[in-house]
1. Within the bounds of segment 61-72, is there any residue that is more than 20 Å from Trp19 (Cβ to Cβ), exposed (fewer than 12 other Cβ atoms within 10 Å of the Cβ) and out of contact with any Leu (no Cβ under 6 Å at 6 or more places or on another chain)?
2. Within segment 45-87, can you find the residues that are more than 19 Å from the chain's Cα centre (by Cα), within 16 Å of the ligand (Cβ to nearest atom) and hydroxyl-bearing (Ser, Thr, Tyr)?
3. Return the residues of segment 31-44 that are within 10 Å of the ligand (Cβ to nearest atom) and not charged (D, E, K, R); say none if nothing qualifies.
4. Identify, by number, the condition in (1) part of a strand (DSSP E or B); (2) surrounded by fewer than 17 Cβ atoms within 10 Å (Cβ to Cβ); (3) of a type in the set (Phe, Trp, Tyr) that Tyr75 doesn't meet.
5. Which residues, counting only those in segment 29-38, are within 18 Å of Arg62 (Cβ to Cβ) and surrounded by 19 or more Cβ atoms within 10 Å (Cβ to Cβ)?
6. Collect the residues in segment 1-58 that are among the charged types (D, E, K, R) and outside any loop (DSSP other than H, G, I, E, B), keeping them in residue-number order.
Amino acid sequence: MGEYKKPAPVPSIEAKPYWDALRQHRLLMQRCNGCRQYWFPPSTQCPNCLSTDFSWTPMSGRGKVFSYVVYHRVYHPGFANEVPYTVALVELEEGPRMISNIIGIAPDKVICDMPVEVVYEDIEGVATLPKFMPTSRPQR
Ligand code: ZN
């Protein structure tokens, strides 16, 4: 795919397990061992009960489009060949929401509450990014 020209993620210390898991095509998030809440983005404390006792937990990778925007303008030269593209807030089945791209579908076909599933985009020498594709799987 040539030289990677987009801004690369710079993992914080607390997010390292998240990025390491993505390289193995696994989506992990932190889950509080006290109140059992999941959260994202990674942090050292449960945002609900402030406990620091948590476990990195595999996620189903399934969710739905909570909201989205379609970018038609090029805000960074690395995206020049990709407009228009969809940036969405995806709500995972387990509750956490994450910002990602919806791929495999025209931006004007994306709708809120559309079921999606994680796919992994390997950027050689950079990172693996979680993206989402529409799925026909029935959701809860
Ligand atoms: Zn908690």
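Please treat every number below as a calculation from the coordinates, not as lab data. Everything numeric here is computed off the predicted structure, so don't read it as measured data. Cβ placement follows ideal geometry from the backbone for every residue including glycine, while neighbour counts extend to all protein chains displayed.
1. Checked segment 61-72: at least one residue is more than 20 Å from Trp19 (Cβ to Cβ), exposed (fewer than 12 other Cβ atoms within 10 Å of the Cβ) and out of contact with any Leu (no Cβ under 6 Å at 6 or more places or on another chain).
2. If the condition is that a residue be more than 19 Å from the chain's Cα centre (by Cα), within 16 Å of the ligand (Cβ to nearest atom) and hydroxyl-bearing (Ser, Thr, Tyr), then Ser51, Thr52 are the ones that fit.
3. Listed by number, the residues that qualify are Cys32, Asn33, Gly34, Cys35, Gln37, Tyr38, Trp39.
4. Answer for Tyr75: the failing condition is (1).
5. Residues satisfying the conditions are Met29, Arg31.
6. Residues satisfying the conditions are Glu14, Lys16, Asp20, Arg23, Arg31.
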